[in-house]
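Below is one structure, written out as structure tokens, with a few remarks after it.
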Amino acid sequence: SVQVLKKRRKKQHVPMGFLLLGLLPTVILVGLFLVYPMIKSAVFSLYDMGVLQKSGDYVGLENYIYLFTKDDSFQRALVNTLKTIVVVPVITIAIAFALAVLLHRSNLREKNLYITFYFFPYFMSSTVVAVVWCFVFFPTSSGILNNVLIHLGLENLTRVWLGDSKTALWCICAVIIWCCIGYYVVLYLSGLDSISSEIYEAATLDGASAWQQVTRITLPLMKNILGITLVLLMSGTLAVTFTYSKIMTNGGPSGSTTVLLQYIYKQGIEQGNVGYASAVTVFTMFLGISLAVLSRVMTSKSEKE
């Protein structure tokens, strides 16, 4: 019988060459559409060149020096980007986790209907969502939000939501949060379903309240999933803010909603500064990778504790 098992193991052994051959298409695609553009952007960032130029004047690190010392527009875009990638993930995770816990602990017959209702915005096109919410934030009384406030007798709260530098960026953040909540509710529900009900039953017998069960049982067991979703949200927010900012405000008013990806588009496509736009691109890639690594380090430390 031992010899038979050895023969079966030998037969099940997959040759290394076959594995490498299977990975080859993925490696080619990643190298062609991810690694090569990153290397090319890093090279372009060292030159002063335009859109139609194959090469330009070598300037070394001058683009990066100007980026951090003299370019106020870039610094404003960086601050706006940092605001979004902090506010959106934190609020999205808090709301999605709370909704997931409520749905998980409830015995509603309409549970699946609520899940579908929350998840539906995630399927919608970002362009369609941005256009629809522009009507919601329309500045006059015909805007849905201002109209509701007027009917509630709160005329003092009406304003030009997307035309006010104090509220425009937060309106965009609210739209992104609205789109993302449903997806993360579903993720958290799958994580909550994996927790044995016997743990909660034992805690109930010991006299633990619902709040204590959530804070002392659910949260510690969900730390890994929460950490992964934090990384996903931070990188996703960094990428998706361009669409909403471009359509809803075009970076205005006065650059208050301009984010890094939109600034890259402005410098590279609209103004033709390919070298300088490449420098901003390299910094944005470095920022995204750094945030992902930082969030994973923080979550891994909390898991060890």
Could you give the C-alpha radius of gyration of the range 76-138 expressed as a fraction of 2.2 N^0.38 Å, taking N as the number of residues it contains? 1.46
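Please get the size of the charge dipole for the range 32-98, origin at its Cα centre, with Cβ charges of +1 on Lys and Arg and -1 on Asp and Glu, quoted in debye to the nearest 20.
220 debye
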Between the range 44-93 and the range 202-247, what is the C-alpha centre distance in whole Å? 31 Å
The range 105-145-the range 267-282 distance, computed between alpha-carbon centres (Å): 35 Å
Among 100, 172, 133, flag the residue with its Cα farthest along the positive direction of the charge dipole of the range 96-191, charges on Cβ as +1 for Lys/Arg and -1 for Asp/Glu. 100
Using Kirkwood radius over Cα pairs in Å as the read-out, say which of (i) 21.5; (ii) 22.3; (iii) 23.2 was calculated from these coordinates. (iii)
Using the Karplus equation 6.51 cos²θ - 1.76 cosθ + 1.60 (θ = phi - 60°), what ³J(HN,Hα) coupling, rounded to whole Hz, does each residue of the range 66-76 give in order, writing x for Gly and Pro? 5, 4, 9, 10, 10, 8, 5, 5, 5, 5, 5
In debye to the nearest 20, how big a dipole does the chain give about its Cα centre with +1 on each Lys and Arg Cβ and -1 on each Asp and Glu Cβ? 1320 debye
Per GNM of the chain with C-alpha springs under 10 angstrom, the most fluctuating residue out of 291, 187, 29 is 29
With a 1.4 angstrom probe the carbon and sulfur portion of accessible area for the chain, in percent, totals 66 percent
Report ³J(HN,Hα) in whole Hz for each residue of the range 202-219, in order, from the Karplus equation J = 6.51 cos²θ - 1.76 cosθ + 1.60 where θ = phi - 60°; Gly and Pro get x. 5, 5, 5, 5, 7, x, 6, 6, 4, 5, 5, 5, 5, 6, 9, 10, 5, 4
Ordering 142, 106 from largest to smallest accessible area (1.4 angstrom probe), what's the sequence? 142, 106
To the nearest Å², the heavy-atom accessible area per residue of the chain with 1.4 Å probe amounts to 61 Å²
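The values are calculated or read from the model by the stated rules, or taken from the named source; none is laboratory data. Keep in mind it's a predicted model, so treat the numbers as computed, not measured. Heads up, the Cβs are rebuilt from the backbone with ideal geometry, glycines too, and the neighbour counts pull from every protein chain shown. Keep in mind that these areas ignore ligands, DNA and RNA; they rest on the heavy atoms of the full protein, side chains included. Shrake-Rupley method; radii C 1.70, N 1.55, O 1.52, S 1.80 Å.
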